[in-house]
């Protein structure tokens, strides 16, 4: 089938699935990371006013965290210069601190040697006093500096001012630099989510691919097996993209077709058997009824003269022969079905054989008012290999069939022998009612009857010509017919001539 050429071996499919599982997620993740990071870097740069932002720049926590707190630092610088009293307002300081906490930072205000405000809930005041730079510290850059605190790096931005009472004051923005830049953390979380989606999508696609190629056909085969178990053969098993499964589906479909054909043949065979039994029963009933009637006539004394008695006995004898023929036909039919026809092949001079057959037939046909004529057009004395008894059955069946459908007052049967190359052709012609063209091709089918109506004069089992065909085919010959309605029918069959192989040719073959 064509679909076998389009299928893929299971081993190949597994190997492809393995590489897809490895490389497709990597490629998709790489493309997604690149496009997504480019987009996020640009968006973060626009958000914080960074010109030409790069991923390396955003990955620098100190730089980005410094940028995150730049707005609060700028606001506090303005307060130091213009409104330092605001830095003594706890409510204001808590408001600024709340903003810084969102960016992993906190606000601290020192007054002389005391902590005036501590926005952290994890660093004690004394720790701040120990680690925060001194007032007016020149070691800190303009926007702050780095110093160590509890073995952790922190970014400190310091602004010095003077309290209203003249005390030295410093305001600090303290940021943990070991924290990931929040926007970067969010970007990584989104990338992680995208990676999970890619893996889920890839797994789903591969699972669907495998399911369609393996699981789905197996489910179909399971359903098909159930259908067969229930006696339903009217379904179709579709193929698969996996070669092994596809081959299995093809074999299963072929098995289903054969089972269906066998089931249909069995139904037809049962129908034919029933028809045969019906035909034989009908045909046996007619002679049995006749025999019974004539026997009762003898018993009642109706045949009270020697002439009547002779007529009754001959009729009973003929009807008995008719029943014997029907029984023999039925027995032979059973042998055909089991291919156990007993053949005894021998060399037969065909011309002499037909002369004997015609002589024997002429006696019976004369009693039935049928003229039999024999024509021998053979050029020499050909010999055929045949079973004399079965060949006689062929001739008798054809002649009996011809007599059955004769409808003219003057009934004629002609038998002719002709040379046709390596074969001897036998023609048996009658002047019966003829056969319609639509029926001519079916007359050798089992149980086929051109006359659908049954009556005592045209009975028969309907297997006579099928027996003829079977015997001739077993002899290496064939049979066919031509007919013209209202004129008659001619049956033809051929037998291969027997040819001796010269001795010198036999030696050459050896």
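The values are calculated or read from the model by the stated rules, or taken from the named source; none is laboratory data. Just so we're clear, the structure is a prediction, and the values are computed from it rather than from any experiment. Cβ sites come from the backbone with ideal geometry, for glycine too, and all protein chains shown count toward neighbours.
In the condition set (1) surrounded by fewer than 16 Cβ atoms within 10 Å (Cβ to Cβ); (2) without any contact (Cβ under 8 Å) to a residue 60 or more places away in the chain, residue 357 is compliant with all but (1). In the set (1) surrounded by fewer than 14 Cβ atoms within 10 Å (Cβ to Cβ); (2) under 19 Å from the mean Cα position of the chain (by Cα); (3) modelled with pLDDT of 75 or more, the condition left unmet by residue 256 is number (1). Considering only residues of the stretch 474-503 that are without any contact (Cβ under 8 Å) to a residue 40 or more places away in the chain and surrounded by fewer than 13 Cβ atoms within 10 Å (Cβ to Cβ), which is farthest from residue 402 (Cα to Cα)? The qualifying residue farthest from residue 402 (Cα to Cα) is 503.
Please verify whether the stretch 235-253 includes one or more residues that are farther than 30 Å from residue 34 by Cβ, modelled with pLDDT of 80 or more and out of contact with any helix residue (DSSP H, G or I) (no Cβ under 8 Å at 6 or more places or on another chain). Yes: one or more hits.
Of all the numbered requirements in (1) touching a helix residue (DSSP H, G or I) at 6+ places or on another chain (Cβ under 7 Å); (2) farther than 30 Å from residue 269 by Cβ, residue 399 misses one, and that requirement is (2).
Among the residues of the stretch 116-127, the one identified as touching a residue at least 40 places away in the same chain (Cβ under 8 Å) and farther than 15 Å from residue 104 by Cα is 116. Does residue 99 qualify as being surrounded by fewer than 18 Cβ atoms within 10 Å (Cβ to Cβ) and closer than 13 Å to residue 172 by Cα? Considered against the rule, which asks whether it is surrounded by fewer than 18 Cβ atoms within 10 Å (Cβ to Cβ) and closer than 13 Å to residue 172 by Cα, residue 99 comes out as no.
Yes or no: the stretch 335-354 includes at least one residue that is closer than 23 Å to residue 431 by Cα and in the same structural domain as residue 471 (by TED's automatic domain parsing). Within the stretch 335-354, one or more residues are closer than 23 Å to residue 431 by Cα and in the same structural domain as residue 471 (by TED's automatic domain parsing). What residue, of 395, 385, 348, 413, is over 55 Å from the mean Cα position of the chain (by Cα) and under 19 Å from residue 496 (Cβ atoms)? Among 395, 385, 348, 413, only 348 is over 55 Å from the mean Cα position of the chain (by Cα) and under 19 Å from residue 496 (Cβ atoms).
Out of all the residues in the stretch 337-354, which are at pLDDT below 90, more than 11 Å from residue 389 (Cα to Cα) and surrounded by 11 or more Cβ atoms within 10 Å (Cβ to Cβ)? Hits for the stretch 337-354 are 337, 341.
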